[in-house]
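FYI, it's all coordinate maths here, none of it is from the lab. None of the values given here were measured: they were computed from a predicted structure. FYI the Cβ positions are ideal-geometry reconstructions off the backbone, even for glycines, and counts take in every protein chain you see.
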Amino acid sequence: MPHLPVVLLCLLSSSLAGPVLAQSPEPAEAPAANRIWGVVFTKGGEGYAGFLRFVSARHSASWVDSFQAEQSVGDEPFRAWANAIRDGAPSVRTVELKGYRITWNTGEDDFSSRSGDFPGTRVIRIPFGSLADLRGQPPRGRTLFLSIGLRGPGANDGETPPKPELVWSGAGRGLILRYTDDWRSTTIEVEGLDGAHATVAFRDVESVAFQPPPGAGEPPSAPLFGTAVDRSGRSFTGFVNLDGNTVLESDILEGWFDGRSSRSIPLGDIRALERVTMETGRGPSEGLRVTLAAGEAVELAPGRERRGSSIAVAVTDPGLGTVTMDWEAFSALHLHDPDGYAAGSAGCLGDRVGSAPTALGYDSFDGGTPVRGTVVTGTGEEFEGRIRWGTLKEWSWDLLHGSMDGTELAVRFANVRSIERMAAPDQPPAPGGAGDAPAGRIRINLLDGRTCEMSVQGDIGPGDAGILVRPADDGTDEDRSGWRLIRWRDVRIVRFEHPGRGVPGS
């Protein structure tokens, strides 16, 4: 297998701590701009440059795709919440035993009773376009640690904390994370401009440096792009991932077609996948009708190699987030060029303000910023400052999870103009507009003009940890005092600030 050319200004020896990468002479055009480009350095001293595909439980090949890892939370978020909920007063614990009541102050350092609202870890999903680099850390048993550098001023300028398991997201522009997928089977596929290929096992990776692709290069395959429709008729348009592993037009759909023969079809030759009911030897069964670009339509039926025709579809709309439909929610998928993206997603109401970009390259992203805004209560009080949603989510790349009748949404805070708590449909709004809404029902107003209504589990609702606001922010992450807690039941609307906001996905 030929080695892929490494785009460097200087050749690197065994030390890969500071690679200097050549800059692209001109911006790449779509579809090249949409594909992840970078240089993969191995522990053996080799370097491979090209279009990257991360092969794991969920494949990733585009800048809008998310790098997923597990982050240790530590005690700081719980400490901030505990101090806010008792407004600085000592924490009091009481035990009754044989008719006697014993009461004592626990102090803020007693975290033995951490509730389920404050897990020791959380899964974070950061767009690949927000990463400057990632580096392997010494594994601990079967756990692989990674350090990732986020793009932007001050990236990677912080010291590496001595205890990676206690890292919190405010520690500089770098994070140390646990890789959540089975890293022993994860690989990175590299496709060079000269057609050469390389596959690097993730456990052998020393580092990956991300950069825009060269302007003169074209990837061997473009990302899948299309519109998915759920059973309720809602449609969502964006970059498509089928079953977690089909992300490019060159990927293959395989199965038993018309119940008789096995067939392999490149996704680039398919125009639509539709859920249908068909007759089989065992009676009616649900399957897929596949419509090809040439006009031919064939049916993918259950049987032999494929037991059932169920699929899962994820669509990443850069102006919204990621929409996921399992087989129960899925109705159809129409594949088309990104030029059709300007029509927007009908799953959220309203017209998009302006046309959406057809290419979302590396320059369309940043490394993320702290979430800031104003929380307005039902009584009209306003609290402005830095925001932690649910005590843990405080960065623009963080996600708010919800659902629309079985269709799952993960909305990036970077795309949200405001979030409103909705009143119950059969009850008049309460004074001040808060209302007694069903648990978790919200309206999300996006920056591009669209509106989504959905229910949210975990992030809000009964037992929610609320929203923390810190009005005084001196720009440092060490001082976490001064947080104010607003319970979700008291919230009317949250308005978000987006200073310097550019295109969707940034």
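Some points to look at:
- Per residue, the convex hull volume that the Cα atoms of segment 190-276 enclose (Å³): 175
- Residues His336, His498, arranged from fewest to most other Cβ atoms within 10 angstrom of their Cβ, appear as His336, His498.
- Subtracting the Cα-Cα distance of Arg495 and Glu76 from their residue separation scaled by 0.36 nm leaves 148.3 nm.
- Net +/- balance of residues flanking Ala198 in space, Cβ distance below 15 Å, scoring K and R +1, D and E -1: -4
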